[in-house]
Amino acid sequence: MTSTGLLALAASLPIVVSFVLLAGLRWSAARSMTVGWVIAAALGLGVWGMEGAWFAAAALKGVLGAVDIILIVFGAILLMNYLEVGGSISTIRWFFRRIESDRRVQLLLIGLGFETIIEGVAGFGTPGALAAPLFIGLGFPPLAAAVFGLFFNAPNPQFGAAGTPIIGGVDQGMSAELIDGMGTEAFKMLVGQWTGVMTGLTFVFWGVLGVFLLIYWFGDDDERSLSGAARSTLPVLPFALVLGVITGLVQWAVAWFVGYSLPDIAAGFVVIGVGIVMANANVLVPEHKWSFPDRGRWSDTWLGGLDLDSISDDEPTKEMPVWLAWTPYLLVAGFLLVTRWPGLGIESQLQEFTIGVTGLLGTELGWDLQYLYLPGTMPFIPIAIGTGLLYRLDFEGTVEAWRESIRQVAPAAITLVVVVSLTQIMRRSAENPENVAGMMQVLSEVLANAAGGALPMVVPWIGALGTFVTGSNTVSDILFNALQYNAAENVGLSKGLIVAIQNVGGGVGNMISVQNIAAICGVVGIAGREGDILRKVIVPTVLFAIFAGSIGTLLVYVVAPGVF
């Protein structure tokens, strides 16, 4: 088999079969990706003729590389569980309920502020899982709580969990030798900067769109039309625009000048602070307080099949001072800000502390862990433990936080191990006795030939597809970053910008991810209503993907065509 087309067809099998099993047969991600791994292994050894030692070393490098990401996921989830068990989340819900009664303002404060912070410090589905019950506690219909828990988590996962999609997608999905002419850290910074440009521009209108859709889908009868929704959106338009611009501007500025670990955390804290001050001072807040129709008029679809009595008494309690509830988030933000701030020299010093393995199985491949620089080991896990001491958790509460974290991270850990190992096998298949182009290379060539100059418009959809079936922006990047990089090189476009567009597309897919929708249905208690949610979120998903492709095209061809 020498034809590039036939090689590409063979190389696509691990990914295509995995996706079919995930989306079509609803297998778990770990199980589906394991089948993909077996196919990739058979192709690598049988078709590409990889030497046994090289194949085993590539697979092992993937397993070890997944450890970095798993530590971030575990640390983030552990911190969230300490906050949940300690009463911080309940206090924050209590706090939001007393700020402002206008549902449009509540939507913006939680969506642009709270969810952005949670994505920055945790990611991996936690923003929607925490925001949805918060929305219900404020009086939102369960379906609306689920929909907007997903909606506002679209321009954020690109920098989620202290930049994990960029850390994992570039470090584990690519390699220093692939990024020819630029170091890995510089390339990650470049991807983060241009990701911030695109997501920052999205935030400008995302809050307005969210309010419009809230009214269009869940308003009174006369508001559930384009003109009616626009009429009720207009009074809050200035407030929404100000918060959207602030969110986007801070996210972009931090990504551009500081780094990819802090954009969400910084943007969320700034916008929630400004928003609360504006709401309390009635600055740009509409005089007429908008709310949903009377509960007695809510349809079964709005209720997600729940009984009204089951959601009417969700009254959050204040279990500690509000400042204390926010303290762990501030500690995370402060640590990342100080250690990542350019010019202080702390970042490079922390990166020097490593443990690792060289010469895996007698090959040139190796692995190392920067344990003082990786967000999972520093600061997530130490701050989580410190949170337990700060909140004086008893032994049972501490055990519950750790047990729940291990339970939650286990499926993701298995998936990440398999996916990163799969990606390494596909990438390293280029090293074979016959010098046949590797799996990723032939796929990239076919993609480049098919998309041609329209590649920037196509890339967001590929990124969104990856997240749709895997439930993770990070996994989508690991799977497709090298593919997008090579395709951009084949077409002669900016490789850094194309990888950034892929990263943005991965966030787009979070809204329609099968796993995310199922998870949020479980949290809200409306299992079986996934279709109702999907029919809603598909609209903003298409709009965001088109917008990302259009902005990406403008950047690639007009604004920054000379970027690496």
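If I ask for residues that are at pLDDT below 90, more than 19 Å from G196 (Cβ to Cβ) and of a type in the set (A, V, I, L, M), which ones from segment 135-174 would you list?
Within segment 135-174, I136, L138, M174 qualify.
Within segment 487-497, does at least one residue satisfy the condition of being in contact with a Lys or Arg (Cβ under 9 Å, 6 or more places away or on another chain), farther than 30 Å from L308 by Cβ, assigned to a helix (DSSP H, G or I) and of a type outside the set (A, V, I, L, M, F, W, C)?
yes
Does segment 284-306 hold any residues that are at pLDDT below 85, surrounded by 11 or more Cβ atoms within 10 Å (Cβ to Cβ) and either of a type in the set (G, A, S) or within 17 Å of D102 (Cβ to Cβ) (or both), and which are they?
G304, G305, listed by residue number.
Which count do you get for residues in segment 372-399 that are more than 29 Å from P165 (Cβ to Cβ) and either of a type outside the set (V, I, T) or in contact with a Leu (Cβ under 6 Å, 6 or more places away or on another chain) (or both)?
Result for segment 372-399: 9.
The conditions are (1) under 15 Å from the mean Cα position of the chain (by Cα); (2) under 24 Å from F212 (Cβ atoms), and V524 fails exactly one of them. Which is it?
(1)
Pick from A129, A186, A162: which is among the hydrophobic types (A, V, I, L, M, F, W, C), outside any loop (DSSP other than H, G, I, E, B), closer than 27 Å to L337 by Cα and over 21 Å from the mean Cα position of the chain (by Cα)?
One residue alone meets the criteria, A186.
Are there any pairs, at least 6 apart or on different chains, whose C-beta atoms fall under 7 Å, with the first in segment 321-337 and under 17 Å from R392 (Cβ atoms) and the second among the acidic types (D, E) and in a helix (DSSP H, G or I), and if so, which?
none
Give me the residue from segment 148-200 that is among the polar types (S, T, N, Q) and surrounded by fewer than 24 Cβ atoms within 10 Å (Cβ to Cβ) and, out of that set, nearest to A464 (Cα to Cα).
Here the residue is Q193.
Could you say whether any residue in segment 460-481 is farther than 27 Å from I533 by Cβ and modelled with pLDDT of 90 or more?
Yes - at least one qualifying residue is present in segment 460-481.
Go through segment 431-458 and count every residue that is farther than 18 Å from G36 by Cα, not in a helix (DSSP H, G or I) and not charged (D, E, K, R).
Number satisfying all stated conditions: 5.
Across segment 359-400, what is the number of residues that are of a type in the set (D, E) and over 30 Å from the mean Cα position of the chain (by Cα)?
3
Any chance segment 330-338 includes a residue that's farther than 29 Å from A253 by Cβ and touching a Phe, Trp or Tyr at 6+ places or on another chain (Cβ under 7 Å)?
The answer is no; no qualifying residue exists.
How many residues are over 30 Å from I276 (Cα atoms) and of a type in the set (V, I, T) if we restrict to segment 319-376?
Qualifying residue count, segment 319-376: 6.
Look through S3, S12 and report the one residue that is without any contact (Cβ under 8 Å) to a residue 60 or more places away in the chain and polar (S, T, N, Q).
Every option except S3 fails the conditions.
Could you tell me which residue of segment 490-545 is surrounded by the fewest Cβ atoms within 10 Å (Cβ to Cβ), considering only residues that are free of Cβ contacts under 8 Å to residues at least 24 places away in the same chain and farther than 16 Å from P127 by Cα?
Only one residue fits best here, namely G531.
Can you tell me which of V16, V38 is β-branched (V, I, T) and modelled with pLDDT of 95 or more?
V38
Would you confirm, using the coordinates I've provided, whether W217 is assigned to a helix (DSSP H, G or I), farther than 19 Å from L109 by Cβ and within 27 Å of the chain's Cα centre (by Cα)?
Yes.
I need a count of the residues in segment 315-372 that are among the small types (G, A, S) and out of contact with any helix residue (DSSP H, G or I) (no Cβ under 7 Å at 6 or more places or on another chain).
Summing the residues that are among the small types (G, A, S) and out of contact with any helix residue (DSSP H, G or I) (no Cβ under 7 Å at 6 or more places or on another chain) in segment 315-372 gives 6.
Write out, first by first residue and then by second, each pair whose Cβ atoms fall under 9 Å of each other, whose residues are 6+ apart or on separate chains, and whose first residue, in segment 36-58, is in contact (Cβ under 8 Å) with a residue 12 or more places away in the chain while the second is among the hydroxyl-bearing types (S, T, Y) and assigned to a helix (DSSP H, G or I).
Listed pairs, sorted by first residue: G36/S18; W37/S18; W37/S421; I39/S18; A40/S421; A40/T423; A58/S421.
Which pairs do you get when a residue that is over 13 Å from G62 (Cβ atoms), found in segment 354-365, comes within reach of a residue that is of a type in the set (D, E), reach meaning Cβ atoms under 6 angstrom, with the pair 6+ apart or on two chains?
Partner pairs satisfying both residue conditions: T354/D368; G356/D368.
What's the total number of residues in segment 62-102 that are of a type in the set (D, E, K, R), surrounded by fewer than 23 Cβ atoms within 10 Å (Cβ to Cβ) and at pLDDT 85 or above?
2
The values are calculated or read from the model by the stated rules, or taken from the named source; none is laboratory data. These figures come from a predicted structure and were not determined experimentally. Note that each Cβ is placed from the backbone with ideal geometry, even for glycine, and that neighbours are counted across all protein chains shown.
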